[in-house]
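Beneath this line is the structure, given in structure tokens, with notes to follow.
The values are calculated or read from the model by the stated rules, or taken from the named source; none is laboratory data. Note that the structure is predicted; figures quoted are calculated from it, not measured. Positions of Cβ are backbone-derived with ideal geometry, glycine not excepted, and every protein chain shown enters the neighbour counts. Please note that ligands, DNA and RNA were not included when accessible areas were found on the heavy atoms of the full protein model with its side chains. Shrake-Rupley method; radii C 1.70, N 1.55, O 1.52, S 1.80 Å.
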Amino acid sequence: MSYIIAKDLRVGYEGKMIADAMNFVVNKGDYLCIVGENGSGKSTLMKTLLHLQEPVSGELIVGDGLKANEIGYLPQQTLVQRDFPASVREIVLSGCQSRCGLRPFYNREEKTLAAENMERMGITALADRCYRELSGGQQQRVLLARALCATQKVLLLDEPVSGLDPKVTIEMYELIDKLNRDGITIIMISHDIAAAVRYASHILHVGATVFFGNTEEYAESDIGKFFLRQEGGEER
Amino acid sequence: MIETLMMYLQYPFVRYAIIVGVLIALCSSLLGVTLVLKRFSFIGDGLSHVAFGAMAIASVVNLTNKMVLVLPITVISAVLLLRTGQNTRIKGDAAIAMISVGALAFGYLIMNLFSTSSNLSGDVCSTLFGSTSILTLTSKEVWICTVLSVVVVIVFVLFYHKIFAVTFDETFAKATGVNANAYNLLIAIVIAVIIVLAMNLVGSLLISALVIFPALSAMRLFKNFRQVTVASAVISVICALLGLVVSIWQGTPVGSTIVAADVAAFGICYLAGRLQGR
Ligand SMILES: Nc1ncnc2c1ncn2[C@@H]1O[C@H](COP(=O)(O)OP(=O)(O)OP(=O)(O)O)[C@@H](O)[C@H]1O
Ligand SMILES: [Mg+2]
């Protein structure tokens, strides 16, 4: 059984669907990249996968021992107010909240987990710094560490590299790739089709026409060829 | 000055006033950061007006213990306001404005129509600005205030990390299976309780100042949530003590004196923050 199975899934707001019906599966260890134009419904699909909103129609089956609170999430943009006083450590620890249930305080295990994930993301030195004084790339790492505290199974990343410079972007991709090799299933939204094809095992293209398949199939498909060629043209 | 104070402190009602005042100030500062950052401050403002309306009804029907009526009405309004506030921002804001202004007008109206008191404007004034009410609390009210304050502090400590998670990033909390709606409800109820408490200290018009100023002051100086929370509690307690002492000594209105101290503290923290920043 797979972690996530979508059958004729349509997503949207208030009964109005955005993208065409989608069929896809996510298995343990997969690296799924979701691509598509602005406004094609990628973030909406993400919210549906997180059960933050109901599907308009179709089915979303979660299985293989994956529970709803075992999904880590990196939002597209976090609406943290400019003034929010929070240290990196406080934020990363807050990722453990779902493990706590009604227990009021974090236990030793959770504190260790937070420390490990900060180490993993290379932000241990920043632990006591104020979040809003960090650079965009550092902030992304903090949020990724927080997401890792929430899960060992599936990470949902909504455009994790937007706003990062080329060098930090590559570091970020390598980091995510390493997490995937460590056994964490990745579902990532990206506009960077070249990188998607390089790193991902499967591609889901959302929009008027929907494509789902592994990366080789995507590169051979009409829609994939079209977008890859466009992207190549842009780079030159 | 010391002698005057000592003389006053011999009266039990003055000692009660000081104890209750400090406890209320402590509670009201705790959720200040959440209130400011979650844009819940408008709920706080609306609720204080609702509490005024409820207080007007309570004094007209001549309840000996006004809290019995005021507390449930305010808590229910908090829950309702949170509901509407979550649907659509603008609609929620408008609803709150309507309710709060409506409650204010309605409260004044029924006080005017039905009040048997000879000093009506004095009553209204003290409900709005709290003038001397903290010194006239009955021992029952002192007990209720003390118990409620202690409950608020305990709830806050027990739910501190959850309040942080929900305040910092509600979507993430929800996505990872934290019951954010339940905690929002809890926050709204605690805010309602705090407002009813604070009404005894500073009156309904000045409540927002009591809740928000210490948090804003602490945010000038500190940069993580725990430090800010502790600092705002400390600032609030010191300001309340100062305000109470000065008002007893000089005979100034309690509520406005405490708020003046809070404003002064904000000024100092603002300057200190600017200096620190350099
Ligand atoms: N809360 C909302 N209510 C109603 N419609 C919405 C809401 N949020 C987004 N939409 C609409 O849904 C469509 C898809 O939005 P979505 O955020 O899923 O796009 P996206 O694929 O993530 O785009 P981008 O690449 O820019 O992030 C858009 O047309 C948008 O206007
Ligand atoms: Mg998006």
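Near residue A:213, the amide H atoms lying under 5 Å from its own belong to A:203; only residues 5 or more places off or on other chains count, and H is placed 1.01 Å from N.
Remark: for residue pairs A:67/B:174; A:28/A:153; A:7/B:174; B:38/B:174; A:67/B:162, the C-alpha separation exceeds 18 Å in A:7/B:174; A:67/B:162. Once the Cα-Cα distance is subtracted from the 0.36 nm per residue extended length, the residue A:194 to residue A:53 segment shows a gain of 47.7 nm.
GNM remark for chain B: springs join alpha carbons under 10 Å apart, and the peak mean-square fluctuation among B:95, B:78, B:51 falls on B:95. Within the listed set B:184, B:200, B:62, the residue fluctuating most in the Gaussian network model of chain B (springs between alpha-carbon atoms under 10 angstrom) is B:62. Once the C-beta distance of residue B:160 and residue A:208 is scaled by a Förster radius of 60 Å, the resulting FRET efficiency is 0.80 to the nearest 0.05.
Label sites at residue B:125 and residue A:1, each approximated as a point 7 angstrom past Cα along Cα to Cβ, lie 7.2 nm apart. Diffusion coefficient of chain A by Stokes-Einstein, Kirkwood radius over Cα pairs, 37 °C, 0.692 mPa s: 177 µm²/s. For the protein assembly as shown, evaluate the Debye formula with one uniform point scatterer on each Cα (no solvent term) and list log10 I(q)/I(0) at q = 0.06, 0.10 Å⁻¹, rounded to two decimals. Each listed q corresponds, in turn, to -0.37, -0.85. Highest mobility in the GNM of chain A, judged by mean-square fluctuation with C-alpha springs under 10 Å and restricted to A:117, A:107, A:214, is found for A:107.
With a Förster radius of 56 Å applied to the C-beta separation of residue A:216 and residue A:67, the computed FRET efficiency comes to 0.95. On the principal axes of its alpha carbon atoms, segment B:183-278 extends 40, 40, 18 Å, with the longest extent given first. For segment A:89-201, the spherically averaged projection of the C-alpha convex hull amounts to 7.4 nm².
Which FRET efficiency value, to the nearest 0.05, is calculated for residue A:182 and residue A:162 with the Förster distance at 35 angstrom and r the Cβ-Cβ distance?
FRET efficiency, residue A:182 to residue A:162: 0.90.
The heavy atoms of residue B:249 offer some 100 square angstrom of accessible surface to a 1.4 angstrom probe. A crude spin-label estimate for the pair residue A:116 and residue B:4, with each label 7 Å from Cα along the Cβ direction, gives 6.4 nm. Does segment B:1-66 classify as rounded, prolate or oblate by the C-alpha gyration tensor (a ≥ b ≥ c root eigenvalues; a/c under 1.5 gives rounded; else a/b over b/c gives prolate, otherwise oblate)? Since a/c reaches 1.5 but b/c is at least a/b, the shape of segment B:1-66 is classed as oblate. Averaging the Cα positions of each part gives two centres, and for segment B:138-156 and segment B:203-276 these lie 21 Å apart.
Tell me the relative contact order for chain A as a rounded percent, counting alpha carbon contacts under 8 Å between residues six or more apart.
It comes to 28 percent, rounded to a whole number.
What you get for the protein assembly as shown, charging only the Cβ of Lys and Arg (+1) and of Asp and Glu (-1), is a dipole of about 1220 debye around the Cα centre. The dipole here belongs to segment B:2-275: it is taken about the Cα centre, uses +1 on the Cβ of Lys and Arg and -1 on the Cβ of Asp and Glu, and is about 620 debye. Of B:195, B:222, B:156, whose Cα points farthest to the positive end of the dipole of segment B:108-244 (charges on the beta-carbon: +1 Lys, Arg; -1 Asp, Glu; origin at the Cα centre)? Among B:195, B:222, B:156, the one farthest towards the positive end of the dipole of segment B:108-244 is B:222. In summary, the convex hull built on the alpha carbon positions of chain B has an orientation-averaged projected area of 15.5 nm².
With contributions of -39500 (n - 2.57) from each DSSP H run of at least four residues, the per-residue ellipticity at 222 nm computed over the protein assembly as shown stands at -20500 deg cm²/dmol.
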